[in-house]
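Here, each number is a calculation from the coordinates, and none is a lab measurement. Please read these numbers as outputs of a predicted model, since none were measured by experiment. Cβ placement follows ideal geometry from the backbone for every residue including glycine, while neighbour counts extend to all protein chains displayed.
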Amino acid sequence: MRHLWPFVIGIDIVAAAIIFYSLRGPLIDSMNIIWQLLFALLFILAELYPLNINQDGDMTVSSSLQIAALLIAGLKVTLIGLVIGGIVYGLIQKRPLIKTCFNTAQTIISSAVTYYVFTAVGGQAGLLTAHALIMPVAYMLPNTLLVSWILSLSQRLPLWLTWLELNKDTVAHSAILGIGGLTFAGLVLSYGWLGSLLVIVLIIFLRTILYQASLNLRTMQARFVQTVKVLMTALELRDPYTHGHSSRVAVWSRKIAQEMGLAPKEVEMIEMGGLMHDVGKVGVPDTILNKQGKLDSDEFELIKNHTTFGEQILLGMEGMETVASMARQHHLYYNGDKRGYNDQVVGENIFIGSRILGVADAWDAMTTDRPYRKALSLEKAVIELIKNKGTQFDPQVVNAFLRVLQREGVIPTEQTLLEILEKKQIYYAPTQAK
């Protein structure tokens, strides 16, 4: 995640400037303290109980609360509540500092933009007028842009593609949350503390509706994954040597991604990439897939095409753009060597999912029988991974995978591995996570 820090620091600087500008004048009075603490508590509770509505992130009722807070008490109270809530939530969840910094900053920026747009069109805090109808849209645009931006940097995908993929399933949810925020504010402004109690009831009701929607979506996703597994099993029946290959690559890829500390949604997408990375082999003749012995140059060119075939197939499936990129790039060399298939992309410019799949795919290929050779021993397979760190494979991915293999008892412990490699005069850097 180190490459994300410059972006996060930039976002934090913008958020700090907004706070400095907005918090001029008296910060405290008795009613403000109550509202600040109330909103901070509600923000924390909203973040502690998110809803998984798509593969790229969670949605909470926090945006409803922010819109309501801006309309009820104004920007100053809302910002203080967000800062308190963001810090306390980060401590409770023991979240990485980079995530706490980004999430708090992006909510501050989104809330500030929303309030400034609201007041620019004639709106005023404490009054529920038609001007407030612009607030849900004004909040959604900067919020989704910032989230999409950091996801695009993390996943090495174009910003516009990430934004479309992130939001195609969430527009209705965002509209519901926006209307909910305005409703909350209207109740509080009209009925005071009684309205606050009604707000809590409505929050529970709204969350129940969204929970049911997310449950239905997760059920559909689970069925889709099962369908993919059946299709890949059918494809692998063409080649008995690779039976179970995609499932094994998916399992190893998920474990590597988790070891590297990637976000849960990234892990899910990479696991899906593992299942479908070789789907393009449907376009490769059986005579080539099952050939006993080495492929000639023409046959090798045909087998290389399975990555572009796979990309084309997956791009025809809605929501599979990220997996399509993984399928296209999973045979690229980390150092840009021309032996890698397709694009000559180098280093961390290769999508992280593709770099992970490349290691998991190579490991399974080396440790299973193929038509042209018997499986390598585990020791030889480990040596190949280490020898090709920095050339074919991303060193960080290899190190993460070796830690997984050692923890699961598949390969020797660190010290034993060092002794084996020292005898073979192979340099090996420690694999401890940084």
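Below is a table of values for the structure above.
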{"quantity": "Sorted peptide list for 73-85, 276-288, criterion being average Cβ within 10 angstrom, highest first", "calculated": "73-85, 276-288"}
{"quantity": "Built amide H within the under 5 Å cut-off of PHE393, gap 5+", "calculated": "TYR334"}
{"quantity": "Integer Hz, Karplus 6.51/-1.76/1.60 couplings in order for segment 88-96, x for Gly and Pro", "calculated": "5, 4, x, 5, 4, 7, 6, 6, x"}
{"quantity": "When each of LYS255/LYS389; LYS99/LYS265; LYS265/LYS338; LYS281/LYS389; LYS76/LYS265; LYS338/LYS387 is checked by Cα-Cα distance, pairs over 22 Å", "calculated": "LYS265/LYS338; LYS281/LYS389; LYS76/LYS265"}
{"quantity": "Contour minus Cα-Cα distance for GLN258 and ASN305 (0.36 nm per residue)", "calculated": "13.9 nm"}
{"quantity": "q = 0.18, 0.19, 0.26 Å⁻¹, segment 298-353: log10 I(q)/I(0) [Debye, one scatterer per Cα]", "calculated": "-0.59, -0.65, -1.01"}
{"quantity": "FRET E, pair LEU141, VAL251, Förster distance 45 Å, beta-carbon r, rounded to 0.05", "calculated": "0.70"}
{"quantity": "FRET efficiency, ARG95 to VAL410 (Cβ-Cβ, R0 22 Å, nearest 0.05)", "calculated": "0.10"}
{"quantity": "Highest average packing first - 330-340, 117-127, Cβ atoms within 10 Å", "calculated": "330-340, 117-127"}
{"quantity": "Pairwise Cα inverse-distance average, inverted: Kirkwood Rh of segment 237-423 (Å)", "calculated": "16.9 Å"}
{"quantity": "Computed magnitude of the charge dipole of segment 355-414 (debye, nearest 20; Cβ of K, R +1, Cβ of D, E -1)", "calculated": "140 debye"}
{"quantity": "Candidates per GluC sites (Glu not before Pro) in segment 323-410, loop by DSSP, up to 15 other Cβ within 10 Å", "calculated": "GLU408"}
{"quantity": "Residues with amide H under 5 Å from that of ARG370, placed H, sequence gap 5 or more", "calculated": "ALA375"}
{"quantity": "Burial ranking of peptide ranges 385-392, 173-180 (average Cβ count within 10 Å, highest at the top)", "calculated": "173-180, 385-392"}
